[in-house]
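Below: one structure, written as structure tokens.
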Amino acid sequence: MLELDLSAEIAALRQTFGDIREVVDVEGLRAAIERLSEEAGAPDLWDDPEKAQKVTSALSHRQTELKRVTEVEQRLDDLEVLIDLANEMEDEDSAAEARAELASLTDTISQLEVQTLLDGEYDERAAIVTIRSGAGGDDATDFAEMLLRMYLRWAERHKYPVKVMDTSYAEGAGIKSTTFEVDAPYAFGTLSVEAGTHRLARISPFGSADKRQTSFAAVEVIPLMEEATEVDIPEGDIRVDVFRSSGPGGQSVNTTDSAVRITHLPTGIVVSMQNEKSQIQNRAAAMRVLQTRLLLLQKEEEAAKKKELAGNITASWGDQMRSYFLYGQQLVKDLRTGHESGNPTTVFDGDLDGFISAGIRWRKRKDDDD
């Protein structure tokens with residue numbers, strides 16, 4: 001006789017989910033959605049396109065967040081019904097389905113629980129990710145493109161909208177750099193633990209001696225600011241260059257000089273944009289990213305000064321934060337958290353949730369210790 005009893009496991013999940021629901025503030029979310037829906041329904045909303053974009057984006061983000069929570073609640077209810085059905089009908093297939101759903105729900109709730117740890121100033125914002133190839137020649141530029149694909153596949157798995165804003169292609173394989181936007185709730189808080197130096201060790205496909213090659217790529221993650229008005233950038237502090245947007249191999253995809261590169265002379269920060277159709281739009285997007293980077297730089301300098309005054313100077317955790325081994329042992333290992341995977345293929349195919357969750361938990365512990 002079939003007797004499927006998962007009551008203890010479901011009770012534990014409901015306890016964890018109840019804590020999550022309280023932190024997320026479901027009623028507050030519903031109130032915000034109602035308010036934003038009224039704003040979005042105003043007949044004159046699109047008279048101010050910039051404001052309209054902010055309202056619709058905020059509404060979409062909150063609706064997505066509420067949907068994630070309510071769907072989990074419904075799945076918990078449905079699971080209990082499925083278990084009752086399996087026991088009543090003595091149906092082993094339904095029992096197997098219930099066990100699989102329990103495992104899936106456990107993973108989903110764990111991911112939601114991690115999100116409750118994202119309480120930083122900018123964590124709930126969308127993210128702008130920049131990948132730059134480092135030392136290693138063609139292997140490094142190829143590695144940078146592998147990382148780009150990895151993050152795009154991760155976003156695709158989660159149905160997060162992504163917009164590639166700028167890409168600089170290498171003369172040989174891969175890319176020199178790329179910048180893309182992930183427009184999802186808590187994208188910055190989630191992806192910020194991916195910032196740092198990534199290291200790839202493999203037998204180079206570009207050499208003839210079959211020697212192991214080590215190459216590097218840097219990942220930078222910043223929040224997407226609606227307006228970074230706290231930072232004033234004098235015109236004399238920037239140099240603006242315009243050029244023709246291009247794709248792989250230098251083939252022109254635009255017959256006008258619409259791409260924009262802005263250099264902040266005092267800091268040397270360079271921002272390029274070529275995704276938009278007009279030079280004006282690309283310049284506006286580049287300025288917003290530059291203002292964000294300068295704002296974060298200012299806050300980092302202030303935080304470093306405070307630590308210096310307190311006599312507590314710590315090194316940045318970002319350098320060489322993860323290693324990817326594609327020869328012999330076949331391993332991806334995070335050097336901060338110890339989290340690892342013996343299947344690099346799935347990691348490069350976007351299976352990053354385990355690494356990201358471990359990184360968020362590690363950062364939270366580190367912040368608590370500090």
Evaluated at q = 0.13, 0.16, 0.17, 0.18 Å⁻¹: base-10 log I(q)/I(0), Debye formula over Cα of the stretch 1-128: -0.67, -0.86, -0.91, -0.97
Please determine, in degrees from 0 to 90 and to the nearest 10, the orientation of helix 353-369 with respect to the longest principal axis defined by the Cα atoms of the chain, where the helix direction is its Cα long axis. 80
Positive end of the dipole of the chain, charges at C-beta (+1 Lys, Arg; -1 Asp, Glu), about the Cα centre: which of Phe348, Pro161, Leu326 has its Cα farthest in that direction? Leu326
Rounded to the nearest 5, the percent of antiparallel DSSP beta bridges in the chain equals 90
Report the calculated FRET efficiency for Leu85 and Arg361 (r = Cβ-Cβ distance, R0 = 45 Å), to the nearest 0.05. 0.80
Using θ = phi - 60° and the Karplus curve 6.51 cos²θ - 1.76 cosθ + 1.60, what whole-Hz ³J(HN,Hα) does each residue of the stretch 157-164 get, with Gly and Pro shown as x? 4, 9, 6, 8, x, 10, 10, 6
Taking only Cα atoms of the stretch 1-63, the Rg to Rh ratio with Kirkwood Rh works out at 1.34
If we sort 278-285, 265-272 on the protection proxy, mean other Cβ atoms within 10 Å, highest first, what's the order? 278-285, 265-272
Listed residue pairs exceeding 24 Å between alpha carbons, taken from Lys159/Lys364; Lys54/Lys277; Lys67/Lys364; Lys299/Lys366; Lys51/Lys277: Lys159/Lys364; Lys67/Lys364
Using C-alpha positions alone, give me the convex hull volume of the chain per residue in cubic angstrom. 199
Rounded to the nearest 500, what is the chain's calculated 222 nm mean residue ellipticity when only DSSP H runs of at least 4 contribute -39500 (n - 2.57) each, over all residues? -16500 deg cm²/dmol
Leaving ligands, DNA and RNA out of it, report the carbon-plus-sulfur percent of the accessible area of the chain at a 1.4 Å probe. 47
At q = 0.18, 0.20, 0.24 Å⁻¹, what log₁₀ I(q)/I(0) does the stretch 147-243 have when each alpha carbon counts as one equal point scatterer in the Debye sum? -1.07, -1.19, -1.35
Just grab the label-to-label distance for Thr16 and Ala42, each label 7 Å out from Cα along the Cβ direction, in nm (one decimal). 4.2
Across 5 Å bins from the origin, how do the percents of Cα pairs in the stretch 47-195 run, short distances first? 2, 8, 13, 15, 14, 12, 11, 10, 7, 5, 3, 1, 0, 0
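The values are calculated or read from the model by the stated rules, or taken from the named source; none is laboratory data. None of the values given here were measured: they were computed from a predicted structure. Cβ atoms come from the backbone with ideal geometry, glycine included; neighbour counts cover every protein chain shown. What goes into the accessible areas is simple: the full protein's heavy atoms, side chains included, and nothing from ligands, DNA or RNA. Shrake-Rupley method; radii C 1.70, N 1.55, O 1.52, S 1.80 Å.
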